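**Q** Just dropping this structure here.
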Amino acid sequence: MESMARLPVRRVCGDEDHALERRRWPATIPAVRQLLDEGLELGVITVLSGENGAGKSTLVEAIALAFGLSAEGGSTGARNHTRESESPLHDSLRLERGPGASRRGYFLRAEAMHGLFTYLERNPGARPEPVFHEMSHGESFVQLVNDRFRGPGLWMLDEPESALSLTGCLALLSRLGDLARTPGAQIILSTHSPVLAALPGAVIYEVGDWGFRRTEWADLDMVRQWRLFLDDPERFLHFL
């Protein structure tokens, strides 16, 4: 398909010339080890879901860095940096890019939004921008996506639901759905939200002790757990 050929990143795999020591973190994480051994196929939309500590944010961060994005958020070439905490995984990855695909991109991670907003205030662009610090966390997140995620490029989000209400998640879902229909646009998203994981057409990977495996939305563990809880909260809490 032409749309797949133009993806900024079609596949991620280990770089044999810069192998990561397999006995040391983060190669000890099953999902990281599987990525290095087998590679990861990406779609126009790729969703990573899994429990805390499973490695999904480590994968997203490493792909962002390998593409040239800042670990703390921002566009390609951004120099937003406060404290180095990222893993060295990106140095051991090779990205298979689509011929002639855009090299533009943006990375947003909810945990680093305050620092990113400060960076944007101190490094203004050519046109006036909203004062993100004067908005609520959720409002500023959606505003930044609306403002920055446009056209062909690699658009990455790490657990954006932590900044958003259900209404905010639905607004983001709608915006990302529109963006995915743009030729040459690609979205990579890690999330605990069954709402955001429901992006139409997404390739979904569930990440856990087994590594990562492709699955359908209805088969995600978090979807089953949310259904059980919402059907009978008291019964669910009784077993806790």
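**Q** With a 1.4 Å probe and all protein chains in place, put Ser102, Ser190 in order of accessible area, largest first.
**A** So the residues, ranked largest to smallest area, are Ser102, Ser190.
**Q** Now for a separate question. First obtain the Kirkwood hydrodynamic radius of segment 167-236 from its Cα pairs, then insert it into the Stokes-Einstein equation at 25 °C and 0.890 mPa s, and state the resulting D in µm² per second as a whole number.
**A** 180
**Q** In Å², and per residue, what accessible area does segment 201-240 have when probed at 1.4 Å with the other protein chains present?
**A** Roughly 76 Å² per residue, with all protein chains present.
The values are calculated or read from the model by the stated rules, or taken from the named source; none is laboratory data. On a predicted model such as this, the values are computed, not experimentally measured, just so you know. For the accessible areas, the whole protein counts, side chains as well, though only heavy atoms, and no ligand, DNA or RNA atoms are used. Shrake-Rupley method; radii C 1.70, N 1.55, O 1.52, S 1.80 Å.
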